[in-house]
1. Working from the pairwise distances between different alpha carbons, so that the mean of 1/r is found and then inverted, what is the range 191-246's Kirkwood radius in Å?
2. Can you tell me the order of 294-303, 536-545, 111-120, 512-521 when each peptide is scored by its average per-residue count of other Cβ atoms within 10 angstrom, highest first?
3. If contacts are Cα pairs under 8 angstrom and at least 6 residues apart, what is the relative contact order of the range 157-360 in percent?
4. In Å and on Cα atoms, what radius of gyration and Dmax does the range 157-360 show?
5. Could you give log10 I(q)/I(0) at q = 0.30 Å⁻¹ for the range 438-499, computed by the Debye formula over C-alpha point scatterers of equal weight, without solvent?
6. For the range 284-430, state the semi-axes of the equivalent ellipsoid (square roots of 5 times the eigenvalues of the alpha-carbon gyration tensor), sorted largest first and rounded to whole angstrom.
7. Beta carbons within 10 angstrom, averaged per residue: use that to sort the peptides 707-714, 664-671, 282-289, highest first.
8. If you average the alpha carbon positions of the range 149-189 and of the range 476-552, how far apart do those two centres end up, in angstrom?
């Protein structure tokens with residue numbers, strides 16, 4: 001006999017997909033005689049429902065009815081008051097309403113997940129009753145319990161990595177100059193390039209995209225960054241000014257990275273999260289594909305439940321776990337365990353080391369993406385601008401430098417931000433500069449940390465052409481506005497066996513100091529380096545030494561002929577021998593190397609001294625240029641060596657010639673960065689910085705009774721009012737001249753006029 005009755009939608013879903021007991025007819029067996037009678041036109045899938053309007057027919061409503069009675073069942077159906085209507089319900093429809101991602105609060109998401117309505121057996125053909133959206137082969141509550149227990153164990157194993165997302169959020173905020181828009185863009189970009197990518201390449205691809213965008217605002221944007229599709233998606237979002245289109249996984253991931261977005265209720269369902277729950281490919285290997293909508297819903301529910309279990313258990317002594325932290329902890333353990341299984345020797349047979357390795361995230365890789373602009377605020381020696389400051393004691397020069405820090409209320413450099421680049425900030429260092437007249441200056445300095453993108457060349461890892469052009473422009477502007485003789489930047493790549501830098505090019509040294517060098521140690525190191533033909537740069541946490549033009553620019557003889565230095569050009573292996581020294585033999589006592597010498601000079605452990613490769617750049621405002629066709633009588637030349645006359649861009653006798661201005665404009669006209677001049681000119685913060693530099697110069701000129709350089713002050717005035725476009729126009733019209741009146745600086749220039757003329761270099 002046929003039973004029929006009213007049921008709720010929830011009961012409907014449960015009955016439609018229940019795990020049938022042996023001996024009961026399937027939905028297909030029920031439907032077959034109904035089709036013969038013309039009462040059912042479509043074949044339902046195994047495990048799907050057959051229903052009347054508000055009524056439902058299922059095997060459990062057929063007590064005692066076997067297959068032999070199905071013909072009678074069909075006839076009985078005809079006699080029903082209401083004709084039967086059957087609706088096809090797919091397995092996706094069976095779980096699709098059980099998602100928790102869009103619930104208004106975590107509490108509501110948890111309450112929904114606790115009902116376990118997402119646990120639905122799939123009886124479609126070939127499914128064999130496994131849970132819809134669940135790991136392959138899982139079809140019983142016992143298996144679900146085991147899955148949860150194993151997942152919880154992984155969370156506990158990776159508990160020290162739970163702050164993974166928190167650390168990333170802090171980094172995103174710290175490099176974005178206080179701009180929520182830039183924070184959002186960085187989070188989106190990291191998410192877009194995150195698919196199946198480790199943090200290190202993910203970070204580089206992201207900044208490759210962001211830096212190329214800043215360079216050209218879409219002009220000459222690379223067709224491919226990792227993939228063509230990702231580059232196009234990024235560019236479409238940037239050109240439209242709208243959000244970058246992200247998927248189910250990457251969208252949640254972005255929310256987890258963005259410091260201005262509430263942490264999502266669910267974790268990021270990447271392959272590592274799926275593996276932690278036991279998901280596998282069809283061949284039994286750990287899952288390596290994206291997840292279906294059903295799988296996302298299943299994982300979301302189970303992640304929310306895992307958060308609840310962790311809080312109830314007070315895991316790690318806490319009761320405030322989030323889905324992102326749960327996912328991160330399990331992810332760290334799963335990743336570490338996987339790597340340990342493959343490469344146990346890499347971790348010295350210790351899985352704890354593998355877990356520590358797996359904890360690494362974007363902040364841990366950020367230093368690899370940093371290049372350092374080493375800059376000073378103190379005017380260059382022999383420039384004729386504020387010589388009283390230049391000649392003052394070290395503490396006075398520190399005070400002058402701190403008067404205009406050049407930051408946005410944070411540690412981020414105004415020029416870098418105006419150019420459109422990301423930066424973790426400016427930090428203190430000690431600067432050293434040897435002028436063309438062989439006078440060494442040691443000044444308080446700042447290190448501008450610029451996030452660049454990396455590429456490969458024949459020597460291994462290096463800085464992309466776009467990023468190098470950016471560094472030249474940014475540091476060149478800084479040197480120009482502060483009346484420096486030059487602007488420098490560098491990037492050290494440590495040599496590691498099997499790493500990204502070849503031994504053959506590793507002819508430079510990095511010494512980890514942890515803090516800026518004091519003036520005394522810098523002077524001793526300067527003498528040591530000069531004797532060995534090495535340049536020095538202090539970036540506030542380490543000191544880098546590299547060959548002074550070795551292998552790139554031959555020296556000039558007194559006759560102007562190119563000659564190779566007698567010391568030769570040491571390659572990487574030679575530098576290794578110089579650093580390590582010589583071991584003792586039967587006929588020779590041990591000979592100490594440079595590591596020992598440098599360790600004693602800088603009072604650091606020799607283990608903190610590395611060999612590697614330096615990529616550097618220098619904008620020369622002292623530009624010593626051979627000019628044989630000009631006569632010294634023109635008053636523009638300085639006789640330095642017999643038969644050689646030179647022109648100095650920064651020399652006071654060259655005021656008004658616009659030599660420095662031409663240099664900085666050439667940097668901004670670099671075809672690699674066509675949008676940068678407009679970006680900087682459009683920055684109100686940059687204009688404010690220049691106004692502050694003007695005020696500082698005039699104030700200190702009065703305080704120290706020291707002259708200003710007229711052409712420089714006039715250039716700053718034009719720059720503050722009209723930007724680099726105005727400066728270019730003024731240069732063409734000849735307006736950048738000492739004779740131009742500067743009414744707002746009248747008092748300061750009166751001081752200058754009262755001073756004796758500053759002699760040339």
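1. On the way: mean 1/r = 0.0886 Å⁻¹.
Final number for the Kirkwood radius of the range 191-246 is 11.3 Å.
2. Numbers: 294-303: 25.0, 536-545: 23.0, 111-120: 17.8, 512-521: 15.0.
In descending order of packing, they fall as 294-303, 536-545, 111-120, 512-521.
3. That works out to 26 percent.
4. According to the Cα coordinates of the range 157-360, Rg and Dmax are 17.7, 55 Å.
5. So the normalised log intensities work out to -1.37.
6. Details: eigenvalues 518, 79, 55 Å².
Semi-axes from the Cα gyration tensor: 51, 20, 17 Å.
7. Working: 707-714: 24.1, 664-671: 17.9, 282-289: 11.1.
By packing density, highest mean first, the sequence is 707-714, 664-671, 282-289.
8. 33
FYI, it's all coordinate maths here, none of it is from the lab. Being a predicted model, the structure only gives us computed values, none of them experimental. Note that each Cβ is placed from the backbone with ideal geometry, even for glycine, and that neighbours are counted across all protein chains shown.
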